[in-house]
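The values are calculated or read from the model by the stated rules, or taken from the named source; none is laboratory data. Just so we're clear, the structure is a prediction, and the values are computed from it rather than from any experiment. Note that we place each Cβ from the backbone using ideal geometry, even for glycine, and neighbour counts take in every protein chain shown. Ligands, DNA and RNA are excluded from the accessible area calculation, which covers all protein heavy atoms including side chains. Shrake-Rupley method; radii C 1.70, N 1.55, O 1.52, S 1.80 Å.
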Amino acid sequence: MGICDDPEILKAYDEVCDDKNEVNWILLTFADTKSNILKVGHKGTGGIDELKEHLKEDEAAFGYVRVPMSNDPLSQRTKFVLVSWIGQQLSYMRRARLSVQKSDVTKVLRYFSIEVPATERAELDADDILVQLKKAGGANYDRQTSNY
C-alpha cells in the first residue's frame, strides 16, 4: 500500500479544490508514529489559521489550503498552498523519510502555487502566505499599495 492510497485523501483533496465546497483545507497525518501511511487527519472551513490549530510538535503532516485572492474586485482567483509541517520534536528517522514521502504526496496534491515548509506555527502567517502567493503569481497590478 502506498503512502497516499487511502481513497478519503483524494475525496478530501477534491473538496478543497471545489470552489463551491466550504471545506478549504485538509491536513494529512500519519496513521501512527511508526506508520508510513497518510490519512485525512483533519479538514475544515477556517483556512490556514484553523489548520495551524491541529499541528503537533511531535508529528509530520501535509496541509493543503485553498486561498482566495484578488488585486481588485474584478480579478478574483483561487490559489492553493501545500504546507509541509515538521514538528520540532519529530524523530530524526521520520524527518529523514519525509523528502521521499513528499514526492508521493505531491502526486496526489498536484496543483499548488507555493509550498510552505514549516517547523513553527509562526511560519504559517496568513498575511505572509498571501504576500508569497502574490509574488509567485506574476503580474501585480496593485504594486502601489503592496509592500514587496
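Side notes on the structure shown:
- With N as its number of residues, the chain has a Cα radius of gyration that, divided by 2.2 N^0.38 Å, comes to 1.07.
- In the distance distribution for the range 23-64, Cα-Cα pairs more than 17 Å apart total 25 percent.
- Exposed loop sites were defined as GluC sites (Glu not before Pro) in DSSP loop states (anything but H, G, I, E or B) carrying at most 14 other C-beta atoms within 10 Å; in the chain the longest segment without such a site runs 58-119.
- Using the Cβ-Cβ distance between Lys107 and Ser70 with R0 = 30 Å, the FRET efficiency computed as 1/(1 + (r/R0)^6) comes to roughly 0.50.
- Where the chain is the region considered: accessible area per residue in Å², 1.4 Å probe: 57
- For Lys34, the shell of other residues with beta-carbons less than 12 Å away shows a net charge of +1, using +1 for Lys and Arg and -1 for Asp and Glu.
- Cross-link partners of Lys20 among lysines, defined as those whose alpha carbon lies under 25 angstrom from its own and excluding same-chain residues fewer than eight positions apart: Lys11, Lys39, Lys43, Lys52, Lys79, Lys107, Lys134.
- Virtual spin-label span in nm between Val23 and Ala122, 7 Å along Cα→Cβ: 3.3
- Here the accessible area is traced with a 1.4 Å probe on the protein chains. For the chain, carbon and sulfur cover 51 percent of it.
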